[in-house]
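First up is the structure itself, then whatever we jot down about it.
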Amino acid sequence: MRTMLVILTAAVIGLGAYSINMHGKNVSLQRTVLAQYTDNLTDASEKLSHLQRSVSQSLLFRDDNAIHNELDSVWRLSSDVRSSMSNIPIGQEMSNDWLSYLGRLGDEAKKTAETGDYEAWREKMPQISTNLQSLSDDWSAATVDFYKNNGKMDVWLRQVDTKNPNTTFDNVQKTLKDYSEKDFPLTLSESDWQKKIELKALQDSVITEKEALEKVKQLFPILKDATFTVTKSSDTAPYPFYHIQFHQDIRLGYVDLTEKGGHLISYLVERPVDEARLSQDEIMKKAEENVKRLGMSDVAFVESRENHQAWHVTFARVHPGDNALVYADGVQLKLAKDTGELLGVNAMEYIQAETIKPQTAKPIDWKTFFDDDVKVQEVRNIYTDNGSYEQRLCYEVIAVRDKNAQETFRIVIDAENHNVLKVEYLT
Amino acid sequence: MRFVSIVFALMLGISIFAIPQNDAIAFTEQQISRGAYGDDVIELQARLQYLGFYKSKIDGKFGYNTYWALRIFQEKYGLPVDGVAGAKTKKALSGYSDYDEGWVKAQLNAGNQFTYYGGIPLERQVKTNTGGGGGGGNSSGSSNNNGTKTQVPPKYTDRDIQLMANAVYGEARGEPYEGQVAVAAVILNRLESPEFPNTISGIIFQPLAFTAVADGQIWLEPNERAKEAVLDAMNGWDPSENALYYFNPKTATSKWIWSRPQIKRIGEHIFCS
């Protein structure tokens, strides 16, 4: 009995010591995290003031060089504040609004520096500068409470989670939303892009659930005996579609079809894959056959990638006017390495179908465009996004730098104005 | 004219027999080109490096660096220059180079930094690695047992696939495969959205964004299924249909998330924009 008591006492003392030690470590850890959050918050608040000043300063100059420097600061500071804001726990909605506002401001500065359209900047920014000042002040007032939490993480998180609609924090959020819409309204290209991804252009008649199932069996004959579960997209989905899950022998997967016209959005199968038995050439032939069988005969091969179980093969629509590849209208296939069975199709971009405006291609002298040790290996015409939601006719150049041919780049150049839109390092 | 033909045929015959027959049966019979991956590519890269044509990492991925090296080899050895490793090219390459498969695979599996140039003792071409890239280094979970890593579209890295696989496994390992692809797609949709950080790491570790980060489940070792799901999402699949958020209605505590326009449900998750 006495021995038991001794053991029990020792155990209780041991547990107590362990618990105190763990608690101490937890508190220390929480303080470290809190210190980092507070640092980010302070950093964001300070840089926000700098950003406001920089926007204001950019309106001082007529001189191109001077305004260019300020635009550069606006772009850099907006990126810095964005980064700090994304590292503080302020609630998803508030974070989204800040990141969006700051990103748009930075993009505007970058675009102005690139295009040299300083008049538009001078016209737009006085109001934005005033709004930013007001946001910065509100933000400082709203976040002051975060410094009064006695180093406790739970106090901070309670502050974030508060549901009181009259808090200064919520006021910032409301103002931010309001300014976002007024200061940076959607451009026509953005609005078109939004309509495109919401499949607004689809005008086909609505198909029934039964017709959707028939369509699935017609597109993928391997599923003719599968067990299906069909659900419809939520009422709030941007476009209505059928979500068809299936089970057939060793295969589990889904097909999504638009309700309007029953267009294939995507198809994906999960099944065990054996050792590769088909060659790369055979897989490519199967990919070509499948893409045609699915009714996409206006596409051409772009690239392929082999991995453990499958090949991913990409095609893009060929523009009928000039045979350039429209990368935004891509189709991806996934084929099993063992039998070449089609394991997936992603046709979302293909059915979104870009509207291409007529553009001209002005030739480029590659010898003067690139440095002496750069050798152009391949050039093809493509259409791609210029970063402002516009599809531009471009030269896609595969070039190799240095005589040893070991550094390969993919450079996308606007065919009309010769702006470099993209540079990728290829391995 | 006939004499010229005979001489030409003789020369061709001699040139074929003149190829040293070091290791002619090492490669598989398959023709490989850009996009291919695996053992044949490892051997191709090693042999091209042995002859000094290939100077990049031996990683089993037939990319542009392999392609140019192969074309230069084909040009130098009088073969049709097409950047495709067919039977003739493989035979010539096997004839002119040595390939120590065991040694190369051992370096890849150990994640060592190494090269495989001919004429230099192998022990002088290896630097023991304790992690990170280099020489076809293989220390991350996104590699298979041959030391080759996963092939992803150029804008993504092996680090991205590893990080996303961790997130997918931590967030959705009990979900159907399409649900896992959808979670990966949400991360990538956020990458395209101006409302979120502009790196995969920034998105995953954004405070309060993912439950798996908050409860530490992101640090569990992801399985192959989660990695495959990430790979499908990186290659374009998006079963979430452009969703930016998802939540489990049984466990969600945020009222705000219920205000988001819902798109569809997969398993236990509701996906919304």
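Considering segment B:190-210 alone, what residues qualify as being more than 8 Å from every other protein chain (Cβ to nearest Cβ), buried (at least 22 other Cβ atoms within 10 Å of the Cβ) and not hydrophobic (A, V, I, L, M, F, W, C)? The one that is more than 8 Å from every other protein chain (Cβ to nearest Cβ), buried (at least 22 other Cβ atoms within 10 Å of the Cβ) and not hydrophobic (A, V, I, L, M, F, W, C): B:Arg190. Residues that are away from chain B (no Cβ under 12 Å) and touching a Phe, Trp or Tyr at 6+ places or on another chain (Cβ under 8 Å) were ranked within segment A:300-326; the one that is nearest to A:Asp385 (Cα to Cα) is A:Val326. Among the numbered conditions (1) within 12 Å of chain B (Cβ to nearest Cβ); (2) over 24 Å from the mean Cα position of the chain (by Cα), the only one that A:Lys196 does not meet is (2).
The sole residue among B:Ala229, B:Ala233, B:Ala212 that is of a type in the set (Gly, Ala, Ser), at pLDDT below 95 and under 27 Å from the mean Cα position of the chain (by Cα) is B:Ala212.
Scanning segment A:1-47 for residues that are exposed (fewer than 10 other Cβ atoms within 10 Å of the Cβ) and either touching a residue at least 40 places away in the same chain (Cβ under 8 Å) or not in a helix (DSSP H, G or I) (or both) turns up just one, A:Met1.
For segment A:118-155, a tally of residues being loosely packed, with under 12 Cβ neighbours inside 10 Å, of a type in the set (D, E, K, R) and away from chain B (no Cβ under 14 Å) returns 3. Please determine whether any residue of segment B:244-263 is surrounded by 19 or more Cβ atoms within 10 Å (Cβ to Cβ), closer than 24 Å to B:Thr157 by Cβ and either among the basic types (Lys, Arg) or more than 7 Å from chain A (Cβ to nearest Cβ) (or both). For segment B:244-263, residues surrounded by 19 or more Cβ atoms within 10 Å (Cβ to Cβ), closer than 24 Å to B:Thr157 by Cβ and either among the basic types (Lys, Arg) or more than 7 Å from chain A (Cβ to nearest Cβ) (or both): present. Looking only at segment A:204-238, residues that are under 11 Å from A:Leu257 (Cβ atoms) and within 11 Å of chain B (Cβ to nearest Cβ) come to 2 in all. Among the criteria (1) facing chain B (nearest Cβ under 8 Å); (2) without any contact (Cβ under 8 Å) to a residue 24 or more places away in the chain, the one A:Ser266 does not fulfil is (2). In segment A:275-284, is there at least one residue being crowded, with 22+ Cβ neighbours inside 10 Å, in contact with a Phe, Trp or Tyr (Cβ under 6 Å, 6 or more places away or on another chain) and away from chain B (no Cβ under 11 Å)? The answer is no; no qualifying residue exists. Only one of the numbered conditions (1) more than 22 Å from B:Gly236 (Cβ to Cβ); (2) crowded, with 16+ Cβ neighbours inside 10 Å; (3) within 10 Å of chain B (Cβ to nearest Cβ) is not met by A:Asn346, and that is (1). Looking only at segment A:383-413, filter to residues that are of a type in the set (Phe, Trp, Tyr) and within 22 Å of A:Lys196 (Cβ to Cβ); which one of those is surrounded by the fewest Cβ atoms within 10 Å (Cβ to Cβ)? Top of the filtered list is A:Tyr389.
Restricted to segment B:171-273, the set of strands (runs of 3 or more DSSP E) holding at least 2 residues that are more than 21 Å from A:Leu157 (Cα to Cα) and charged (D, E, K, R) comprises B:262-266. Applying a threshold of 8 Å to beta carbon distances and a minimum spacing of six or more residues, or different chains, the list of pairs starting in segment B:201-221 at a residue that is in the same structural domain as B:Ala184 (by TED's automatic domain parsing) and without any contact (Cβ under 8 Å) to a residue 24 or more places away in the chain and ending at one that is surrounded by 17 or more Cβ atoms within 10 Å (Cβ to Cβ) and of a type in the set (Lys, Arg) reads B:Ile203/B:Arg190. The test for being hydrophobic (A, V, I, L, M, F, W, C), at pLDDT below 95, buried (at least 16 other Cβ atoms within 10 Å of the Cβ) and in the same structural domain as A:Val230 (by TED's automatic domain parsing) does not hold for A:Val313. Which one of these is charged (D, E, K, R) and within 14 Å of another protein chain (Cβ to nearest Cβ): A:Lys375, A:Lys367, A:Lys362? Exactly one residue qualifies, and that residue is A:Lys375.
Taking the conditions (1) more than 16 Å from A:Glu93 (Cα to Cα); (2) within 9 Å of chain A (Cβ to nearest Cβ); (3) not hydrophobic (A, V, I, L, M, F, W, C) in turn, B:Pro222 satisfies each one other than (2). For segment B:52-98, the set of residues classified as more than 8 Å from every other protein chain (Cβ to nearest Cβ), of a type in the set (Gly, Ala, Ser) and not in a helix (DSSP H, G or I) consists of B:Gly52, B:Gly60, B:Gly78, B:Gly83, B:Ala85, B:Gly86, B:Ser97, listed by residue number. Each residue in segment A:183-231 was checked for being in a helix (DSSP H, G or I), of a type in the set (Lys, Arg) and free of Cβ contacts under 8 Å to residues at least 12 places away in the same chain, and 3 of them qualify. If you filter segment A:412-427 down to residues that are in a strand (DSSP E or B) and more than 13 Å from chain B (Cβ to nearest Cβ), you find that the one that is nearest to B:Pro194 (Cα to Cα) is A:Leu421.
Here the strands (runs of 3 or more DSSP E) wholly within segment A:268-371 that include at least 3 residues being of a type outside the set (Asp, Glu) and out of contact with any Ser or Thr (no Cβ under 8 Å at 6 or more places or on another chain) are A:299-306, A:310-318, A:325-336.
The values are calculated or read from the model by the stated rules, or taken from the named source; none is laboratory data. Quantities reported herein were computed from a predicted structural model and do not represent experimental measurements. As a convention, Cβ positions derive from the backbone with ideal geometry for all residues, glycine included, and neighbour counts pool all protein chains shown.
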